[in-house]
Structures are given as C-alpha cells and as structure tokens.
1. Quick one: in segment A:70-119, of everything that is in a loop (DSSP other than H, G, I, E, B) and of a type in the set (S, T, N, Q), which residue is farthest from the other protein chains (Cβ to nearest Cβ)?
2. Looking at segment A:243-281 only, could you name the residues that are under 30 Å from A:Gly121 (Cβ atoms), over 12 Å from the mean Cα position of the chain (by Cα) and open to solvent by 10 Å² or more (accessible area, probe 1.4 Å)?
3. Taking segment A:120-144, which residues are in a loop (DSSP other than H, G, I, E, B), surrounded by 24 or more Cβ atoms within 10 Å (Cβ to Cβ) and of a type in the set (A, V, I, L, M)?
4. Across segment B:268-287, which residue is nearest to B:Gln237 (Cα to Cα) among those that are in contact with a Gly (Cβ under 7 Å, 6 or more places away or on another chain) and of a type outside the set (A, V, I, L, M)?
5. Determine whether A:Arg49 is within 16 Å of DNA strand C (Cβ to nearest atom), of a type outside the set (Gly, Ala, Ser) and within 10 Å of another protein chain (Cβ to nearest Cβ).
6. Using the structure shown, decide if A:Leu35 is surrounded by 13 or more Cβ atoms within 10 Å (Cβ to Cβ), at pLDDT below 90 and away from DNA strand C (no atom under 11 Å from the Cβ).
7. How many residues does segment A:18-32 hold that are in contact with a helix residue (DSSP H, G or I) (Cβ under 6 Å, 6 or more places away or on another chain) and at pLDDT below 85?
8. How many of the residues in segment B:178-188 are in contact with an Asp or Glu (Cβ under 9 Å, 6 or more places away or on another chain) and within 21 Å of B:Arg291 (Cβ to Cβ)?
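The values are calculated or read from the model by the stated rules, or taken from the named source; none is laboratory data. Remember, predicted model here, so these are calculated numbers, not experimental data. Cβ: placed from backbone, ideal geometry, glycine included. Neighbour counts: every protein chain shown. Remember, those area values only see protein heavy atoms, side chains included, never the ligands or the DNA or RNA. Shrake-Rupley method; radii C 1.70, N 1.55, O 1.52, S 1.80 Å.
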2 protein chains.
Amino acid sequence: MSKMPTVKDVAEYAGVSVGTVSRVLSGETAVKPMLREKVNGAISALGYRPNVTARALRTSRTDVIGLVVPDITNPFFAQLAASVERAALECGHSLMLASSHNDRAAEQSHVSAFLDRSVRGIIVVASSDGSGLHLEAAVPIISLDRRFGTFPLVSTNHAQAAALIADHLYGLGHRHIAYIAGPLDTEAGRMRQEGFVSQIDRFGRTGERVELEIAYGRFDYESGERIARDLLSRPPQDRPTAVAAASDQQAIGALRAARDLKIDVPRKLSVTGFDDISLANLVVPRLTTIRQPADTLARRAVGLLLEEPPGREDEMVDGSLIVRGSSGPPAQPKADIAGHRN
Amino acid sequence: MSKMPTVKDVAEYAGVSVGTVSRVLSGETAVKPMLREKVNGAISALGYRPNVTARALRTSRTDVIGLVVPDITNPFFAQLAASVERAALECGHSLMLASSHNDRAAEQSHVSAFLDRSVRGIIVVASSDGSGLHLEAAVPIISLDRRFGTFPLVSTNHAQAAALIADHLYGLGHRHIAYIAGPLDTEAGRMRQEGFVSQIDRFGRTGERVELEIAYGRFDYESGERIARDLLSRPPQDRPTAVAAASDQQAIGALRAARDLKIDVPRKLSVTGFDDISLANLVVPRLTTIRQPADTLARRAVGLLLEEPPGREDEMVDGSLIVRGSSGPPAQPKADIAGHRN
DNA sequence: CTGAAAGCGCTTACAG
DNA sequence: CTGAAAGCGCTTACAG
C-alpha cells in the first residue's frame with residue numbers, strides 16, 4: 001500500500017495551493033466554484049482522506065468523545081454506551097470508550113488519557129460519589145446517570161421514578177414492603193431510595209400505615225439475590241409482600257431467590273426493578289420496572305457537551321413505569337395470617 | 001487553566017535541548033544521568049504531559065487499539081470488549097470501541113474511521129461473513145470470534161466446544177435432540193452447528209440412532225424463544241428431550257418458552273447454551289453451557305496485533321463444558337409414551 | 001552523548 | 001477569493 005495522499009498532493013493535482021484545498025475541505029469559506037470542483041475532482045481521483053491527527057494537532061480539537069462507564073458488562077451501561085455512540089455518530093463524532101471497573105483510580109487515569117489526546121469532550125458515568133472532584137480540564141465534561149465531580153449531570157429523575165414504583169405498589173395494596181437500595185455512595189442509589197421512601201412515608205401519613213424495611217447492597221445480581229434470600233427466609237407472615245429493588249439486576253437476583261424459596265411471584269410476592277434493561281422483559285415473570293430513556297439521556301449528554309458554550313445546567317429526564325408480570329396485589333389480608341402462625 | 005507545557009518549556013526549564021527532553025521521554029537512548037535527572041525534575045515541576053497527538057503525527061503511530069463489535073449490548077460482546085480493554089491496558093494501549101449494530105456499512109465506516117486516526121491496530125468481531133474483504137490497511141487487523149475479511153482469527157474452537165455439548169447430551173441418554181443454530185452467514189454459527197451435528201452423527205453411526213432436528217435463527221433471546229416455542233408446542237411424545245442452542249441468549253429464550261409451556265427443565269427437557277455469559281449462572285435453572293475464555297481470547301488478539309511483525313496465523317482456544325442445572329437425563333424411554341397418544 | 005534543524009499534515013491569520 | 005508562510009508539539013536523522 002503506497003503512502004496516503006496529502007493536501008499537498010491534492011493541491012498539485014488540482015493546480016491550486018494547499019490553503020485552497022484546506023478551504024474546500026472545511027466547506028466554510030467561499031471558494032470559486034471552478035476551483036472547488038477541481039479540488040473535489042483531485043480528492044476523489046487520489047482517494048484523499050484528511051489526516052485526522054494532523055488536523056487535531058493544528059486545531060487542538062478532535063471529533064472524538066470520550067466515555068467512561070463503571071462497567072461495560074453491566075447491561076444498563078452497555079445500553080447507555082450504545083446510545084451515546086449513536087448520539088455521537090449523529091453529530092459526526094466518534095466514541096472512545098473506557099470501563100473503570102468501578103475503580104476510582106482507573107476512572108481518573110482514563111479521564112487523563114482522554115485529556116491527553118485532546119478529545120472533543122468527555123462523558124463520564126461516575127464510579128462513585130466524590131470521584132472527579134477538583135478536576136480542571138481543557139475540554140467540557142458531562143456527568144451521565146451518576147454525578148462525576150461537580151460537572152453537569154444528565155440523568156433520569158431517579159426520585160420521581162422511584163416514587164412511581166411506590167405509587168404502584170401501594171396502589172396494589174402492599175403494606176409491608178422491602179426496599180433493596182443501591183450503594184449510598186452513588187447519587188443514583190440515594191435518590192432512588194429517597195424518592196421511594198419519602199413517597200411511602202407520605203402514604204403512611206395520609207393513608208394506611210406501611211411497614212417498610214430497607215436493605216443496602218450493590219447494584220448487581222448477586223447483591224439482590226443475597227439480600228432477598230435473607231428477607232424471604234422468614235415465616236410467610238413476617239415476610240414483606242413486595243420487594244422493590246434499586247436496579248433490575250438486583251430485582252432479577254431477588255426473583256431467583258424467590259424461586260429457590262418456592263415463593264410464587266407475583267401471587268405471594270411482588271418484585272420490581274429499575275432501569276428496564278432488555279433482560280427485564282425476558283425473565284420469568286417479566287419484570288415490572290422503571291424505564292430509563294437511554295437514548296434521550298445520551299442525546300442530551302452529547303448535546304450539552306457539544307453546545308457552545310458547553311451546557312452548565314443539570315438535566316433531568318423523567319422515567320416511566322413499565323408494569324409487567326412480576327407485580328400484583330398481595331396474597332391475602334394480614335388478618336388471615338395470624339391463625340396460621342406456628 | 002493555563003496552556004499545557006510542551007517539550008520546549010521543559011527544555012528551557014531544565015537547560016537542555018528539546019531533543020534531549022524527547023530522548024529521556026522515550027527512555028530508549030542513553031542520556032547522561034545528570035541531564036536525565038534535570039529533565040525529570042522539570043517534567044514534574046511543570047506537570048508536563050506529552051502531547052499524544054503531536055507524537056502520533058510525527059511517528060504515525062498511536063497507542064490506541066480500535067475494536068469493532070457487532071453489538072455492545074450483547075452480553076458476550078460486552079464481556080469480550082471488557083477483556084480486550086483490559087488486555088490493551090496491560091500493554092499500555094487504550095481502546096477505542098465502536099459498535100456496528102450488525103450493519104456492514106457501519107462496520108466498514110468504523111474501520112475506516114480507525115484507519116483515519118492511525119490507530120495502532122484494529123480488532124474486529126465481524127458482523128457477518130464476507131465483510132471486510134479486499135480491505136488493505138496500513139495497520140494490522142485481527143479478527144476476533146468471527147472472521148473479518150481474510151484477517152487472522154482468534155476464536156474459541158467452536159466445533160470442538162460444540163462437540164462437548166453433543167457428548168454431554170448423548171451421554172445423558174438423549175436420543176431426540178433439537179439444535180438451534182446461529183446465522184449460517186457467520187463462521188461461528190456454522191462451526192458450532194457442524195461440530196455439534198458431526199459429533200451426533202458419529203454417535204448415530206457407532207451407537208444408538210439419534211433423531212436430530214435443526215432450526216435456524218439469530219443469536220438473540222427472541223430468536224431462541226420463538227424457535228423453542230415452535231419446537232415445544234407439539235405433543236410430548238413428538239418433542240425433543242433436549243434443546244441445544246448456539247448461544248446462551250437463544251438458550252435463555254428457550255428456557256422462557258419452556259416455562260411458558262409448563263415444560264419442566266431439566267426433568268422434561270434439557271437446555272444448553274454456548275458462551276457462558278454471566279447471566280447463564282443466574283437464570284432458573286442455571287444454564288449448562290460452553291465457557292468461552294474471553295480473557296484468553298482478548299489477550300491473544302492483542303498479542304497478535306502488537307507482535308512485530310503482526311501475527312498472521314489463526315489461533316484457536318478450546319472452550320470448556322460447564323454443567324449446571326438445565327441439563328439432565330431424559331424423562332422416560334420413548335416406549336412409555338406410545339400409550340398416551342391421543 | 002547532545003544540539004540544531006527538518007518535517008509529520010494540516011489550518012489560518014496575513015497580504016494581496 | 002487565493003497563495004505563501006508560519007506553526008501546532010513532537011521525534012529523529014545528522015553533525016559534532
């Protein structure tokens with residue numbers, strides 16, 4: 001394969017200066033139609049492709065957007081990454097992806113690496129709260145889903161969405177509910193819990209009392225399974241009638257625990273998630289959950305990043321309740337149960 | 001934030017020439033210890049970080065590896081991407097990820113985009129056979145898992161691994177088996193099928209006859225579910241006693257179909273997958289499957305890419321059988337069933 | 001071993 | 001509107 005043609009080659013072929021070639025390339029400035037045609041002819045004749053690196057060096061700008069996620073094997077982040085890539089593409093940008101494995105140091109070094117190659121901007125889904133503080137960067141940075149440092153955040157309105165789940169469960173008649181929370185060192189974990197708990201509290205004050213238990217875990221399957229197993233390994237009358245989880249993965253873990261304990265979902269137990277990963281619609285029974293609008297989130301994040309000047313305001317997007325087979329009315333009134341105590 | 005310091009600043013601060021700075025940066029050539037120290041002092045005093053773009057322009061080399069996968073939301077590819085990122089990192093390289101959404105044109109344009117930014121090399125998991133043919137590139141390209149063009153392939157030995165499943169099922173006593181194949185326009189799809197079928201054939205010739213049905217689909221959940229539903233919506237005596245799928249996702253879809261049809265797995269039906277995605281260990285029952293050694297595959301691919309000269313030989317890595325709860329002996333001998341016909 | 005200089009391939013004031 | 005020239009920040013022969 002011979003050396004790639006450069007602007008110089010194109011200029012010679014077209015009989016113009018390199019400046020002119022560059023100008024038709026940029027498309028911005030006015031160039032006489034005849035010259036423009038000649039240049040375009042030369043470009044296709046030679047199969048010229050601009051050298052992105054040289055351009056980047058000269059302008060200290062690239063069309064690459066850096067994305068750091070905590071864990072690409074987490075289906076929600078994978079979906080988010082796919083959406084960001086699509087959104088970036090729509091704006092003529094490429095995506096550089098890094099996975100921090102929930103490690104703050106790795107996250108930091110990925111951000112630095114992006115900075116070093118003067119990306120156009122960086123979107124980060126923070127590994128945990130407090131990461132990315134005191135960071136100064138020459139390019140815009142946007143937090144997505146989980147706040148990174150003090151950078152503007154685009155996220156689902158976790159609290160509003162969690163309240164939707166509370167409404168749903170209370171509305172079905174559940175009065176003994178367990179909430180499996182996410183890590184409290186993440187904004188998402190806290191907001192979801194707070195939205196859920198305060199909505200339940202509100203019901204407790206204005207209507208029937210609700211018994212609410214809260215357990216804390218990570219956002220993954222294992223955590224949900226383990227916590228649910230603990231919660232459900234009690235005599236039926238002491239068990240919650242509904243388990244609301246802070247993530248689909250936890251909820252799916254809970255579903256598995258329920259199955260292992262031969263507790264029928266949704267007849268003996270309702271289970272709800274959060275995220276609406278594609279799997280939520282495939283487990284048995286299908287999972288009632290909150291849909292996070294990944295495409296919208298991604299588009300907004302990319303939009304803020306590319307705005308001139310870059311957006312500085314947080315953006316919240318409402319989540320929506322997706323009711324499927326894993327939630328239903330509680331089995332029977334508490335009163336009945338007393339007689340069965342052993 | 002003030003302008004980033006350059007080699008020039010470092011040189012001035014240290015009282016040496018930029019050439020010397022560059023030389024201590026590269027570490028290769030010999031530099032007098034005293035000067036080296038001065039330069040290193042200047043570097044940390046100024047907080048100097050090399051400009052990756054300038055270096056790339058000068059050397060037409062970068063430390064970025066491009067990875068194209070068909071669909072990042074596919075758990076297996078997500079895992080593969082995570083492994084490739086880790087392997088790249090271990091070699092001091094960064095990863096640029098693109099998802100082709102199983103679209104050949106998108107795949108092509110992603111590869112071109114990588115080429116344009118003179119990445120160190122490209123790893124591609126092809127969207128389908130025949131993509132990437134006749135491509136000439138200035139940097140090494142390696143196919144991973146699914147062959148891209150005629151570039152060297154690192155993959156699991158699909159045929160060997162699929163034969164392991166055949167051994168397992170036959171060994172359990174299954175004599176009526178359905179195989180849900182993957183797309184035949186992928187090497188993986190074909191190899192898995194061929195490995196499975198030829199092993200079954202071998203048993204058929206040397207031992208008891210096996211009734212084998214084959215259905216074709218995509219590698220995803222929906223495909224598996226739909227096909228299994230068709231397969232299993234027959235009177236029990238006409239149903240296969242085992243369904244082997246070409247992917248975990250298909251198998252998980254099949255599990256769902258079985259559940260919907262109230263067919264007990266594994267007592268009435270065995271189901272097996274391929275890939276060992278993390279979900280395989282979380283579905284109910286846990287899925288018997290083939291583990292593809294993602295880390296090993298990734299490391300080999302990166303290794304071939306970075307070798308001088310780049311590797312030209314295919315590499316196969318054996319998969320291993322993971323037996324879990326979704327497979328077991330068939331329910332009862334066929335003879336019993338005749339009486340139940342209606 | 002070290003410095004001065006050329007050059008990677010672009011873009012963009014600066015003249016005209 | 002167009003060309004000639006400078007310069008982005010590096011690396012690397014080339015002398016010495």
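1. The residue in question is A:Asn102.
2. A:Gln249, A:Ser278
3. Listed by number, the residues that qualify are A:Val125, A:Ala126.
4. Applying the filter and picking the extreme gives B:Ser270.
5. Yes, satisfied.
6. Criteria met by A:Leu35.
7. The total comes to 2.
8. Number satisfying all stated conditions: 4.
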